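Notes to accompany the following structure.
The values are calculated or read from the model by the stated rules, or taken from the named source; none is laboratory data. These numbers come from a predicted model, not from an experiment. Cβ sites come from the backbone with ideal geometry, for glycine too, and all protein chains shown count toward neighbours. Surface areas here come from the heavy atoms of the whole protein model, side chains and all, with no ligands, DNA or RNA. Shrake-Rupley method; radii C 1.70, N 1.55, O 1.52, S 1.80 Å.
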Amino acid sequence: QVQLVESGGGLVQPGGSLRLTCVASGSIFSIDVMGWYRQAPGKQREMVATIFTSGGGTTYADSVKGRFTISRDNIKNTVYLQMNSLKPEDTAVYHCNAATIRIAEPTIHYWGQGTQVTVSS
């Protein structure tokens, strides 16, 4: 089992910045990918950014490319999401995700409880 705890959400004005933090504990050796997903009211959850724990390869949603940066600190078992130039449409609950990729078996996903990000003037 993997436990994830997020922090860093809050209220920010358009154009502002926030940094989200996710600390993993438990069976962290089993984690292959970590990422951030978000869900706005009335919308489906969407991937924001992911990072491989080994190698550091990243992916981003088109809507956040050039504004958000995902990074990791494997010693601290922590993943960060630096969010710059925030827009009102970035308002959502942001969830940390950890995934264990298995051959010929479904991927195992773990989720944090979420942290609210509100972009408003």
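Brief remarks on what is shown
- In a simple Cβ point-charge model (Lys, Arg +1; Asp, Glu -1; nothing else charged), the range 11-96 has a dipole of about 120 debye relative to its Cα centre.
- Ranking T115, L86, G8 by Cα position along the charge dipole of the chain, where only Lys, Arg, Asp and Glu carry charges on their C-beta atoms, puts L86 farthest toward the positive end.
- Straight-line cross-link partners of K87 among the lysines, defined as a Cα under 27 Å from its Cα and at least 8 positions apart when in the same chain: K43, K65.
- Taking the alpha carbon gyration tensor of the chain, multiplying each eigenvalue by 5 and rooting it gives semi-axes of 24, 14, 13 Å, largest first.
- Neighbourhood charge, 14 Å Cβ-Cβ cut-off, centred on V79 and excluding it, Lys, Arg +1 and Asp, Glu -1: 0
- The chain: most fluctuating residue of A92, A61, A24 per GNM, C-alpha cutoff 10 Å: A61
- Accessible heavy-atom area order of L18, L86, highest first, probe of 1.4 Å: L18, L86
- Ordered from highest to lowest accessible area with the whole protein assembly present and a 1.4 Å probe, F68, F29, F52 read as F29, F52, F68.
- Contact order relative to length of the chain, as percent, for alpha carbon pairs under 8 angstrom and 6 or more apart: 35 percent
- Ligands, DNA and RNA are left out, and with a 1.4 angstrom probe the accessible area of the range 2-121 is 53 Å² per residue.
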